[in-house]
Every structure is written in structure tokens, then in C-alpha cells.
Amino acid sequence: MNDKINLNYLENYAHAFSEKVCSEYFGTKKYMSGQEIIQLTPSTQVNFMVIKALFEKWNEELDKLKSNPFFDYKDMAVAEALKEFMNVLSRAIKIENHHFRPLMEIAVIDTVLLAIDPLLYFWGEIEKSKEENPLKHLKASKKYIKWHTKLLAELIEKGGQEESEIYKNTLNDLYQKMLNELEPAQNLLASLNQVLPIDWNALIQSEAEEATVAAMPEVKEEVLDSNEEESEEKIDDLPISHTEPEDDDKESPTAPVIEERKSTPPSGGTIDPALAWARFESEQSGLLKGPIESLEDGVAINQRFMFTKKLFEGNPDLMGHAFKSIDKCDSFVEAIELINDRYVVKLNWDHDSEEVIEFLHLVYRKFDEK
């Protein structure tokens, strides 16, 4: 592909989308329930991406619980009790504004990625399974994915019990075969325009364009006719199923200006840590600006794919080792010195590339309070 997603614009769009939705909803209410999430926006897929995030949060907590060595969580009675407990929790979802906004932002990013680049999105879903067989995770995710369902179903069927690398190869083969059958991204994302119009000229950039721009110009854009049905389902149990949306005629307002982060990478043979720190510190706050405990925790699925492919020669193990090594550093300066020594020169990194800027910003977030 000669075109790619402008990640800076996408992050800022997701932030603005979340701000608009949450400001309208939480202007009169303090909490959001599960049923209200399902009907929150005109995009069924965005709504279910939020539910998917909650489901994954539950699984994370359950994994921590199962790590306790004093109890047998494989016992049938215990397993049934945990399942019932989850069903009870699903009927008692209660989220405040400041907790909900980040979930909404990630849901919008995931929705756009799924629509525009399902190969990248499902690649990320396979990665989430880490060392385990991806089958279980993909089956669970299927209940929340409303687009490109045939591709996902075929992946689950043909992937079998194989490891993640086999699933990735299978995914690539299936994607190439089904490419002409996939629903166009603009059709799928038309419902998002009812909340906040997407500037497609800003979202999709050719590789020849610069990775970042100072600001997006205001553009009047014809929006595809679309609207998604309100769900009448109840959240009795997670996972939740839902029907695909149907179209009707609706025209969106003019797209507002969405400013992007402006960052200039260091230049020269190696990266100057002082200059890099100063430039990232002067940036405007964005979706992924906050501090993180580890690079693994902070990296988004689209970044994981981009870093692996562009910076680490398609080797996820090499990237994983880099993350662990950088996390062990005591300062940003030490981390940049390690990056210079092991990766910048040896792997011929381009300082002006989007992927290097994103990677350095991730490292900055790791050390920005130290």
C-alpha cells in the first residue's frame, strides 16, 4: 500500500470524539451503565469496542486472581461460580466520566483501524494472546466484532490450534483472498460522522507525505448516508451479540479543525537525548501523552505492528527484547544511549520517520516523571 493511517490525526480525532460524546452524556448523569454503552453512539461497532475493553479488563483481573497458588481455579464448581459472578458484574456496570473517556478513545481508534486496515487490527488481536494459543482470544473477540466478520470466522476456523505465527500467516493469506470482498472503510465509518466528521484527507496519507503536520485545515465533506439502529438488547451476560446497522439518509455538519501533535525528531547519526526530551516535553498534551509503567503497557496495537515491521525487521521477539531492555534503564538518557547503541545505527533507523518519532515518544512517556 502507498497510503497509511495518520496515527497523529487518528489519536486526536479519537480524543475529540470522546470529549464530545462524554460531555453530552455526563453533563446530566454521573454514571454510565452497560445498556447505555450499547446505545451511546450511532456506531454500533464503537459501542461494542467499549464493551470489549471492559471484557478484557475483567479477564486481566481474573488472571491475577487465578495466579493465587492457594486455590484450585480449575475446579468445576469454582469455574461455574466465576462465570456466574461475571454475569452478575455485567449487569452492574457503573462507570464515571474520567474512567470512561479513555475507554471511548481506544474504542474509536480500534474501530477506525478495523474499518481501514482489518489486517493490522486482527494482527493486533493475535498479538494480545501473547504466548498462548490465539484461538480462545479470537473466539471471545468475535462476539464484539461487527465488521469483516467473514474474515474473522475464516481465521478462527483455519487457524485451528496453531501458535500465533501460524495464525498471522493464515490471516495474511485470507486477507489477500478476501480483499475485494471487504466492505469499504468509508461506508463502515459513516456513522461516526454523525458525532464528529472524519477528514479523510488528514486520516489517510501517502508515504511521501510528512508524518506530522501543524494543523488540519477545515474541510467541507460530503458524508456517506448512514445510520445504525439503536440496540434493544439487554446486557444480561457478557459477551453480547448485536445485529449489523442499517443505512438511512443523514448528512453530517462540516468537519471541525483537529490539531495534531507537532514533533520534530532529533537529527544526526545518533539521537540526542537532551534535544529529544526537550522537544517532546514542549508538545501539546495528546491521547497517549500520560506516563506509563512499561513500554509493553503503553504500546497501542497499531504501534506494535508499525514498530515490528518498520523498526525491528519484522521480528516481534527483537522488539520485545528492546522493550524489556529499555524498561530496565534508570533514565531517559540511559534509554536513548541504549537505543543508539543497539538499534539506531545497526538497523538503519530514519530519524525523520513516523515510526521513530512514535517510538521515542513512547520511551519519553516511560521516563517523563523521573
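The values are calculated or read from the model by the stated rules, or taken from the named source; none is laboratory data. The structure displayed is predicted, hence computed values, not measured ones. Cβ atoms come from the backbone with ideal geometry, glycine included; neighbour counts cover every protein chain shown.
Scanning the stretch 9-51 for residues that are farther than 18 Å from residue 194 by Cα and in contact with a Gly (Cβ under 8 Å, 6 or more places away or on another chain) yields 11, 51. Selection of the stretch 63-78 for residues being of a type outside the set (Ser, Thr, Tyr) and surrounded by 12 or more Cβ atoms within 10 Å (Cβ to Cβ) yields 66, 78. Pairs are defined by a Cβ separation below 8 Å, a sequence spacing of at least 6 or placement on different chains, a first member in the stretch 281-309 that is under 12 Å from residue 363 (Cβ atoms), and a second member that is modelled with pLDDT under 75; the pairs so defined are 291/369; 298/288.
The residues listed here are 238, 295, 318, 287; of these, the one that is of a type outside the set (Asp, Glu), in contact with a Phe, Trp or Tyr (Cβ under 6 Å, 6 or more places away or on another chain) and modelled with pLDDT under 75 is 238.
The set of residues in the stretch 26-53 that are without any contact (Cβ under 8 Å) to a residue 40 or more places away in the chain and either within 14 Å of the chain's Cα centre (by Cα) or outside any loop (DSSP other than H, G, I, E, B) (or both) contains only 36.
Meeting the requirement of 2 or more residues that are basic (Lys, Arg), the helices (runs of 4 or more DSSP H) wholly within the stretch 302-370 are 354-367. All of 18, 67 fail the test of being small (Gly, Ala, Ser) and closer than 30 Å to residue 117 by Cα, apart from 18. Checking each residue in the stretch 79-106 for being among the basic types (Lys, Arg), outside any loop (DSSP other than H, G, I, E, B) and within 26 Å of the chain's Cα centre (by Cα) picks out only 101.
Number of residues in the stretch 54-78 that are aromatic (Phe, Trp, Tyr) and outside any helix (DSSP H, G or I): the value is 3.
Scanning the stretch 87-101 turns up no residue that is within 30 Å of residue 163 (Cβ to Cβ) and in contact (Cβ under 8 Å) with a residue 60 or more places away in the chain. Going through (1) over 17 Å from the mean Cα position of the chain (by Cα); (2) in contact (Cβ under 8 Å) with a residue 40 or more places away in the chain one by one, residue 15 falls short only on (1). Scanning the stretch 157-173 for residues that are in a helix (DSSP H, G or I) and surrounded by fewer than 17 Cβ atoms within 10 Å (Cβ to Cβ) yields 157, 158, 165, 166, 169, 172, 173. Does residue 198 satisfy the criteria of being more than 22 Å from residue 55 (Cβ to Cβ) and either outside the structural domain of residue 113 (by TED's automatic domain parsing) or in contact with a Ser or Thr (Cβ under 9 Å, 6 or more places away or on another chain) (or both)? In short, yes.
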